[in-house]
Amino acid sequence: MTLNPHYGQSPGPGSVSLPGTPVHSIQTIRRRVAGHHGPLTKILVANRGEIAIRVFRTAHELAMHTVAIYSYEDRLSAHRQKADEAYQVGQGLTPVGAYLAQEDIVRIALEHGVDMIHPGYGFLSENAHFAKMVEDAGIVFVGPSPDVIDSLGDKTKARTLAMKVGVPVVPGTPGPVARFEDGWSFTEQHGYPVIIKAAMGEKAEFEDAFTRAVSEAKSAFGDGTVFIERFLERPRHIEVQILADAEGNVVHLFERDCSVQRRHQKVVEVAPATHLPEITRNAILADAIKLAKSVGYRNAGTAEFLVDQAGRHYFIEINPRIQVEHTITEEITGIDIVSAQIQIAAGGTLPQLGLTQEAISKRGFAIQCRITTEDPAVNFQPDTGKIEVYRSAGGNGVRLDSSSGFAGAQITPHYDSLLVKVSVSGTTYEIARRKMLRALVEFRIRGVKTNIPFLFRLLTHDVFINGKTWTTFIDDTPDLFKLVQSQNRAQKLLAYLGDLAVNGSGIKGQVGEPGLHEEVQVPKFPNREDPSGLPLDASLPCEQGWRTIIIEHGPAAFAKAVREYPGVLIMDTTWRDAHQSLLATRLRTIDMANIAKETSYALANAYSLECWGGATFDVAMRFLYEDPWDRLRKLRKLVPNIPFQALIRGANAVGYTSYPDNAIYDFSKKAVENGLDIFRVFDALNYIAKRAGGVVEAVVCYSGDVADPKKSKYTLDYYMDFVAELVAEGIHVLGIKDMAGLLKPQAATILIGAIRKKYPDLPIHVHSHDTAGIAVSSMLAAAAAGADVVDVAIDSMSGITSQPSMGAVCGALEQTGLGTGIKYADIQALNLYWSQVRLLYSCFEAPVRASDSSVFEHEMPGGQYTNLMFQASQLGLGTQWAEIKKKYIEANALCGDIIKVTPSSKVVGDFAQWMTSNSLSKQDVLDKAEHLDFPSSVVEFFQGYLGQPVGGFPEPLRTHVKADLRAKFGKHITDVDVSSYVMFPKVFEEYQGFVEKYSDLSVVPTRFFLGKPKIGEEMHISIEKGKTLIIKVLAIGSVDEHRGTRDVWFEVNGESRAVAVEDNSAAIETVRREKATADPGSVGAPMSGVVVEVRVKEGQEVKKGDVLCVQSAMKMESAVSAPVSGHIKRVLVHEGDSLSQGDLVVELSN
């Protein structure tokens, strides 16, 4: 009897509700809608997950009451909630064992009045004993009879059955083959290739292979008999969906191509099969029905075949259950297979259900992809965890069957990794394929890895596009594993913002919150043609500027044009040296980019913009987590007209040690390719600069005072000789770099005047700092003496340790006949923008409020002045700033009165802080040099890593310093990344790890990058063109006492998301460290800092001078060495430990 004998008929009059009657239950409503009056009303699904929900949905459409079972581990699973009733099964058993507890399942069914049990797929679906137990309990089993299940479960019986009814099987010997002659006769009949062990070729080769296979079998098992079977090369896996009733009616619902498999597990299925010869298709369909009828099959099943390259088909087996991929057959036929299963089990016949072969047709194509929580990059290793974000596909022709597909779902290791089945349909195979790609793109699954990247590669491979896959296609195609991973940008950004909300900014050097909490406003600029008209339209950048000459005519023509310019040109240092001097080099790319197009107009007549190189290169990666190469490319696109200038050291490029010439040249070449035009090339120790490509501006680093006859080292003759050497190198432009602000007006007149007199055609570019407050006067004097270019910074970013004011210098030069071509109104508009930005970065400002003419004594570079003040504060030496300046003078003397510019200035600065920290005078250092552990930078300086200073290295330090090389790592990345790594291996590695964790943060507005987000504040973050994330912090949860984390809740584009953030203050462990004593074997930390490497272990023998560990404070590394020889008694530190000066590091025993 059918489950719904009156399906489709209108309810009778008695079914109409009368006024005042009680509200109907959902079950009553279901029955009325379905018109159901049959006796079988309650169904239990002996399964879990997706297939359980699939059956429940159809059962509800049939007005049935549904019952779920669940293991303890599945107590929160979705299938339990989709059923009308749910009961735990298999208490005390394993997660899988619970669903195999046959007696318990039947018990639950009987106790709760279940009429039918649907086994789903997997678990007990092909267990004849379970089917019989169900039927013996008086419950209807939705599936074949127990006897049929048993007969089809034995593949040997199924093969024999197929041969009996004339269905082809893979040819094989009917029994074991003991003699070669018998094997050869089989091969002659069925052809090559065949399987023994492995065989291909002629008769002689077959005989050899047969002999070896027999030998191996005898050796392994004591029996030399073997079987021979036809080997199918690149076969297709074709299966036929069949339906049969209890009266012997059998129909097919056409075929599915399940060839895309991995380890015999289906990955993607297609219905109907493409490029299948019609004669083969019809033969397969007919054979499937023939097999089903021969065994008296009932209910749904699948007959599976292999098809070889010649179009011949071979029976494999019949699966007596619903298949995972049944959905695509439903899509092309419009038939609900589960509904048919239930109604056939209830006694319905195929004709009663309207399922005759003539009535069944197919339309279009359908494809199913199984999205699993597996990582294809790691051999499809299953992933577990909490789904943080789940956004699914939808729309026309897309069907989803899932269970755990929702945000917050916990993916456990107990069951299969299937997350959701995606089935799509279209009128053609290609339309269906494209629809599947679209659906996969729409998915956003975060928190666990999925196989979606692999499915992308698979669906876009030519073989799949052409519909000609085979069963080992995945194994045979390694290209499929060249995956394109999802960037997961939104969730990674939330991780950063969540950490910021809980722990505050972790950017080194930041003190407090940003001084500006509103968006920086870009001011309007006056119209170029009509100042009284509409403001400048800067939607597109300006194309006219000095860079055109470089591009069209080359560096030499550019230098010639600069020299011929009647006035004086400027270089704006705002984008590099100015913020290095004032804001600890912390200016981010986004704040330059936001004003870049306007700058291209306002400073169109500028000689250059200094925007790259120097300390900005490593600081971008080290503290701002930005790619310096990306900065260069972005700004170049926004400012195509003004030459870009970088500060490059001839021997060091942007690093702090010497590199091979090929590394320097390669770095320079890549810089030009990425948008750089002018190299301001210098060596910290004034070695001859090397030609680097682009415009070479070779630099004379200025120190001393050429106007002071008492200064005898860096005299006018010294500089003139050095300039002569540079000119002989064929430089384009001469740079005078006064990095400390020592160049007084009279000295500028003398030096520039002498150079101009001797080299009338040589362009001269002068750079200084305003530390002493005289830089504006010095630049005017240099211009009057013949300089072609002077360096300035926008007014709000000028003065003190930065460059002189752009407005002041340009305004003054306009009255001398040496105008710069920069308009006053444009300078003021730029100044409005940068005054806001400086306030935004006020949390990095050093406490320098006025000029300091003591620079004439200590000669500290402007950029270093503020940075060193900050470093001293971080090292606990902030109150000893005056003493550090004195030690700086002494350290410089110990180094030989060197030219102080990065990296040599860092050497002197590290030296000075180390001397202050250890209360050492100049004489103390000279007397104790043999026993002291010097900072690594000082050691490398005396080893010659920075080059050689004028006059050579002073003794006695050179022979007593100790250092150790750190091992380098390497990996294949982009060319510019390789260059970054060559310069800063450790910094680059840390930067890559940060970006992997938090994504590209350069797109985050600075006030949100540095400041704690406020609850309810809306953040607009543009992650790429046309894609903006609108993020709002909703709440910050309480501390999880077990994990020390807090959940931070966000709203992202209207969707709620949560990230777990480690609260750094949740569990603070106080470590009281033992202090070193005066004993020679008691080795203490020479300064405060972090242990970056431990090189010894307890019991190890060391000699005097061996490095015990390496300590880092800010950018300065220092080796801690054994003061005496002996054995390591105790090691009291580990990598990452924070130490104070004097903390015991290692204890030695003699």
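Key figures for this structure:
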read-out: Overall Cα dimensions of the stretch 461-596 - principal axes, largest extent first, Å; value: 77, 50, 35
read-out: For the stretch 394-417 versus the stretch 71-147, the gap between their alpha-carbon centres in whole angstrom; value: 22 Å
read-out: For Glu255, distant residues with modelled amide H under 5 Å away; value: Ala273
read-out: Order by protection proxy (mean Cβ within 10 Å, highest first), peptides 813-822, 920-929; value: 813-822, 920-929
read-out: Efficiency of FRET between Ser835 and Ser1140 - r from beta-carbon atoms, R0 45 angstrom, step 0.05; value: 0.65
read-out: Largest-first principal axis extents, alpha carbons of the stretch 258-356, Å; value: 42, 27, 22
read-out: Phi to ³J(HN,Hα) by Karplus 6.51 cos²θ - 1.76 cosθ + 1.60 over the stretch 1099-1111, Hz, x for Gly, Pro; value: x, 6, 8, 10, 10, 3, x, 5, 6, 8, 7, 10, 10
read-out: Simple spin-label estimate for Asp147 and Ala359 in nanometres, 7 Å along Cα-Cβ; value: 2.9 nm
read-out: Rounded to whole Hz, the Karplus (6.51, -1.76, 1.60) HN-Hα couplings of the stretch 44-57, x for glycine and proline; value: 10, 9, 7, 7, 9, x, 4, 5, 5, 5, 4, 5, 4, 4
read-out: Ranked by how many other beta carbons lie within 10 Å on average, peptides 998-1006, 326-334 from highest; value: 326-334, 998-1006
read-out: Solvent-accessible heavy-atom area per residue, rounded to whole Å², over the stretch 733-811 at 1.4 Å; value: 22 Å²
read-out: Cα gyration tensor, the stretch 1014-1082 - rounded (a/c under 1.5), prolate or oblate; value: prolate
read-out: HN-Hα J in Hz across the stretch 1136-1144 - Karplus 6.51, -1.76, 1.60, θ = phi - 60°, x for Gly and Pro; value: x, 5, 9, 10, 9, 4, x, 5, 5
read-out: Cα convex hull volume per residue for the stretch 91-170 (Å³); value: 110 Å³
read-out: Cross-link pairs Lys597/Lys637; Lys1103/Lys1129; Lys560/Lys670; Lys362/Lys421; Lys597/Lys737 - those with Cα-Cα distance over 18 Å; value: Lys560/Lys670; Lys362/Lys421; Lys597/Lys737
read-out: The stretch 697-793: GluC sites (Glu not before Pro) in DSSP loop, at most 16 other beta carbons within 10 Å; value: Glu729
read-out: For Ile411, residues with placed amide H under 5 Å, excluding near neighbours; value: Gly385, Lys386, Ile387
read-out: Of Lys997/Lys1032; Lys713/Lys757; Lys157/Lys266; Lys435/Lys482; Lys449/Lys508; Lys482/Lys1025, pairs whose Cα-Cα distance is over 31 Å; value: Lys449/Lys508
read-out: For peptides 288-300, 784-796, 982-994, sequence by mean Cβ density within 10 Å, most packed first; value: 784-796, 288-300, 982-994
read-out: Mean shadow area of the stretch 523-573 over all directions, Cα convex hull, nm²; value: 5.5 nm²
read-out: Sequence-distant residues sharing a close amide H with Ala1035 (under 5 Å, placed H); value: Trp1049
read-out: Dipole magnitude of the stretch 262-312 about its Cα centre (Cβ charges: Lys, Arg +1; Asp, Glu -1), debye to nearest 20; value: 200 debye
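The values are calculated or read from the model by the stated rules, or taken from the named source; none is laboratory data. Quick caveat: nothing in here was measured; it's all calculated off a predicted structure. Here the Cβ is made from the backbone with ideal geometry for all residues, glycine too, and neighbour counts use every protein chain on show. SASA here: full protein model, heavy atoms, side chains in, ligands and nucleic acids out. Shrake-Rupley method; radii C 1.70, N 1.55, O 1.52, S 1.80 Å.
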